[in-house]
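First up is the structure itself, then whatever we jot down about it.
The values are calculated or read from the model by the stated rules, or taken from the named source; none is laboratory data. All values derive from a computational prediction rather than experimental measurement. Glycine gets a Cβ as well: all are built from the backbone with ideal geometry, and neighbour counts include every protein chain shown. These accessible areas exclude ligands, DNA and RNA; they are computed on the full protein's heavy atoms, side chains included. Shrake-Rupley method; radii C 1.70, N 1.55, O 1.52, S 1.80 Å.
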Amino acid sequence: MALLAKAKLYRQDWGGALALCEAIINSGNYALLSSFSNNFKVAGENGKESLFEIQASLGQNGVPDNGHEYGVEQGVRGSGDWDLGWGWNTPTPELAASFESQDQRREATILYSGQDDGYGKTVPSFPTVPRLYWNKKVYPEPSMQAYTGRRQNSWLNHVIIRYADVLLMAAEAANETGAIAKATNYINQIRNRAGLGNTTATTQVAMRAAVKQERKVELAMEGERFFDMVRYRDWE
């Protein structure tokens, strides 16, 4: 239903997209996790916020190996203990500057070269590693490195669609049908979970911009941004 809702959203079938999203919302089967960052940790896999994710697992000492390379392809490209992957899909400075100052999602999304990794280790500085920023959403948890005996994160499930995406689709579709109060409710759930206040958007035009911004920062590094820009005709 969520994937069909997205297809309808892309075709600007606002009523059809909203109906599907609200069926999911009203089912009571899903909810936002209290911690945004847990969506990208083993503890959050197949949780209340996940609608569909590709499964992966890696046992103690790497056996049994049912992992995949989603996290490996985007890991820090370094050497020794920092040989965490291939270094693809790295954040841009523009994305790093897009988060509001109190937005808790920034530290869960962007790993900074030369700074603490959140687990007490310092990431090598640029240009010792070839990028200023890395995708924190696929960063390997040290406890899992110790358990599997591997540095690179091939145990992480690949989440295809989260409940947060459904709420943002519902907000966009509601706004386009003129139901701004509904859109406000849905977008505020996303913002409040991130530690932010309610949206200041009160018109359809302002809400449209607010939804774009929330999709940009909420779903950053998850494979949505390019396709959003295409459908928005937004070549920034």
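Just a few scattered comments:
- Packing here is the average count of other Cβ atoms within 10 Å per residue, and on that basis the peptides 176-184, 95-103, highest first, run 176-184, 95-103.
- Where labels lie 7 Å past Cα in the beta-carbon direction, separation of Glu69 and Arg225 in nm: 2.3 nm
- Share of carbon and sulfur in the accessible area of the chain stands at 52%, probe radius 1.4 Å.
- Per residue, the chain exposes 47 Å² of accessible surface when a 1.4 Å probe is rolled over the protein heavy atoms with every protein chain present.
- Rounded to the nearest Hz, the phi-derived 3J(HN,Hα) couplings of segment 38-52 under the Karplus curve 6.51 cos²θ - 1.76 cosθ + 1.60 (θ = phi - 60°) are 5, 4, 10, 10, 4, 5, x, 5, 6, x, 5, 8, 8, 8, 7, where x marks glycine and proline.
- Residues of segment 50-90 with amide N under 17 Å of a point placed 7 Å along Cα→Cβ from Ala43: 50
- Average Cα contact separation per residue, the chain, under 8 Å, 6 or more apart, as relative contact order %: 24 percent
- Lysines with Cα under 17 Å of Lys182, excluding same-chain neighbours fewer than 8 positions away: Lys212
- Using a simple spin-label model with pseudo-atoms 7 Å out from Cα toward Cβ, Thr92 and Gln104 lie 2.9 nm apart.
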